[in-house]
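For reference, the structure is listed below as structure tokens.
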Amino acid sequence: PGQSALLSGIERDVAGLGGWMAKSEDNGLDEVMVAFPVTGGDLGDRRQVTVYSNDEWFTGEMEAVLAGLSEPFCLATNLQDLSEMQLVSRALVLRLKPGEANIAACLAARVPGQSMIVASGVKPRIPLTVSSVLHLQMPASRDEITAALRRMIIA
């Protein structure tokens, strides 16, 4: 029952990101297949930074920091908005909830090479092949947030 609830939650996340998930119980084995669209193209023409957060303090800090860096940004508060905004963004800043750690890996696979900052108290498991993801340990000061953004967005 615990695994079924976990898979149902993952399935909702996958669907919210524009993908699909298939489950099978053939031959007594539970198997799951997940597919996401992969988008190509040059990210250099994209200027927007998308911030995904339901944390009001973090959102306020991001607004202040990005205003100081003159970077245009938009705020996504749900997975459907995040999925759409990702495709027009040069970079993502994610303030993940405890149950959303898998989202960062899914987003990195969906748009390879897109810069991403994952702000959380626990470092999520991201495949080693993904080099464009930076973990920002929370809580973080405004200076630490600015430094992370400069490393991932301006550089």
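Numbers for the structure displayed
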{"quantity": "Extreme residue, farthest from Pro139 (Cα to Cα), among residues of the range 87-114 that are open to solvent by less than 30 Å² (accessible area, probe 1.4 Å), outside any helix (DSSP H, G or I) and in contact with a helix residue (DSSP H, G or I) (Cβ under 8 Å, 6 or more places away or on another chain)", "calculated": "Val111"}
{"quantity": "Residue in the range 115-124 that is open to solvent by less than 40 Å² (accessible area, probe 1.4 Å), at pLDDT below 80 and closer than 26 Å to Val34 by Cβ present", "calculated": "yes"}
{"quantity": "Any hit, the range 76-83, residues being surrounded by fewer than 17 Cβ atoms within 10 Å (Cβ to Cβ), at pLDDT 80 or above, under 25 Å from Gln137 (Cα atoms) and among the hydroxyl-bearing types (Ser, Thr, Tyr)", "calculated": "yes"}
{"quantity": "Qualifying residue in the range 60-75 (condition: under 20 Å from Val14 (Cα atoms) and either surrounded by 18 or more Cβ atoms within 10 Å (Cβ to Cβ) or of a type in the set (Phe, Trp, Tyr) (or both))", "calculated": "no"}
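The values are calculated or read from the model by the stated rules, or taken from the named source; none is laboratory data. What you see is a predicted model, and the numbers here were worked out from it, not measured in a lab. Using ideal geometry, Cβ is built from the backbone for each residue, glycine included, and neighbour counts are taken over all protein chains shown. Each accessible area value is taken on the protein alone, full model and side chains, heavy atoms only, with ligands, DNA and RNA left out. Shrake-Rupley method; radii C 1.70, N 1.55, O 1.52, S 1.80 Å.
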